[in-house]
Amino acid sequence: MSSIWRLDSPFMQKMTSITNLMILNILWIICSLPIITMGAATTAMYSVLFAYRRKETDSVFKPFFVAFKQNFLRSTLCWLILLVLGVALAYDAILLIYGAEFQLFLCIPVIIVAVLVAITGVYMFPQIAMFDNKPWAMVKNGFLLFLLYPFQSIAIIILVFLPLILFLFIPQVFWLTFIIWVLIGFSLCASLNSFLLVKIFDRYIPKAE
C-alpha cells in the first residue's frame, strides 16, 4: 500500500501531471488577463505541453516563462490581428441577428470568414511553439493541416472554443463548471489538443539519423 506514495509510482506520477496542469492553467489565466498577452500565454502553454509529450521537462514555471518571453512579439502580433478580426465578426453577427430585418444570405460570408479565422487561430500558436515559420506560412500551413486532417482539426477547434460555446449557448453549464475551468479546464483542453497536434507535427519534423 505504501508503494503508491513513492515518487515514481504510477499514482504519484498521475497526481504530479494533474498538479502541473493546474499550475499551467493558473499561469495561463494570469498571463492572459491583460487580453493583449493571451497569444503569448497560449504559445507558452503549448510549448510546455509539447515538452511534456516529448518528455523533455517535468517542470512548469521556467519553461512557461522562457517560451512566453521568446515568442512574445510574434505571438502578440498574430493574436492582435486575430482579435481584431474576431471583434469585427462578432459585431457583424450582432448586427445581422438583431438588425431590423434578418437576412440569412448575408450571414454566409460572415460564417465563412469566421471558420477561416478559427482554423488559422487554432493552429497559429501551436505552430509558433513548435516551429520558426513566418506568419503567412503558418496561415497557409493551418489550412493545409485542416484539409489533410479534418477530423483531428474539428476536434481541436471544438476543444479550443468549448468554454466560449458553453458561455454563449449553455451559460448555466458554463457557470456550473466555472471552478473546473479556473483550476484545470483550459490546460486540460490544450493538453488533449497537444496529444493530437504532436502526432500531426511529428510527421513534418525531419528525423535525426
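The values are calculated or read from the model by the stated rules, or taken from the named source; none is laboratory data. What you are looking at is a predicted structure, and each value in this text was computed from that prediction instead of being measured. Please note: Cβ atoms are built from the backbone with ideal geometry, for glycine as well, and neighbour counts cover all protein chains shown. The area values use the complete protein model at the heavy-atom level, side chains included, leaving out ligands, DNA and RNA. Shrake-Rupley method; radii C 1.70, N 1.55, O 1.52, S 1.80 Å.
Summing Cβ point charges (Lys, Arg +1; Asp, Glu -1) relative to the Cα centre of the range 32-138 gives a dipole of roughly 500 debye.
For the chain, complete DSSP H runs whose alpha carbons reach 18 Å or more along their own long axis and whose mean Kyte-Doolittle score is -0.5 or higher are 10-32, 38-53, 72-98, 104-130, 135-148, 150-169, 186-201. Using just its DSSP H runs of length 4 or more, each adding -39500 (n - 2.57), the chain gives a mean residue ellipticity at 222 nm of -25500 deg cm²/dmol after division by all residues. Among Tyr52, Tyr98, Tyr123, the residue with the largest mean-square fluctuation in a Gaussian network model of the chain, with springs joining Cα atoms closer than 10 Å, is Tyr98. Sparsely packed loop sites in the range 154-208 (the trypsin sites (Lys or Arg not before Pro) outside DSSP H, G, I, E and B with at most 14 other Cβ atoms within 10 Å) comprise Lys207. For the pair Phe131 and Leu183, the difference between a 0.36 nm per residue extended length and the Cα-Cα distance amounts to 15.8 nm.
Fraction of C-alpha pairs exceeding 23 angstrom in the chain: 51 percent, rounded to a whole number.
Suppose R0 equals 25 Å. What FRET efficiency, 1/(1 + (r/R0)^6) with r the Cβ-Cβ distance, do Lys140 and Phe61 give to the nearest 0.05? Result of the calculation: an efficiency of 0.15. FRET efficiency for the Leu77 to Ile30 pair, using the beta carbon distance and R₀ = 25 Å, is estimated at 0.70.
When the chain is described by a simple charge dipole with +1 on each Lys and Arg Cβ and -1 on each Asp and Glu Cβ, the residue from Leu164, Ile97, Met15 located farthest towards its positive end is Met15. Surface composition of the range 109-157: carbon and sulfur atoms hold 79% of the protein heavy-atom accessible area at a 1.4 Å probe. Accessible surface computed residue by residue for the chain, with neighbouring protein chains in place and a 1.4 Å probe, gives 62 Å² per residue.
Using Cβ point charges alone (K and R +1, D and E -1), the dipole size of the chain about the Cα centre works out to roughly 520 debye.
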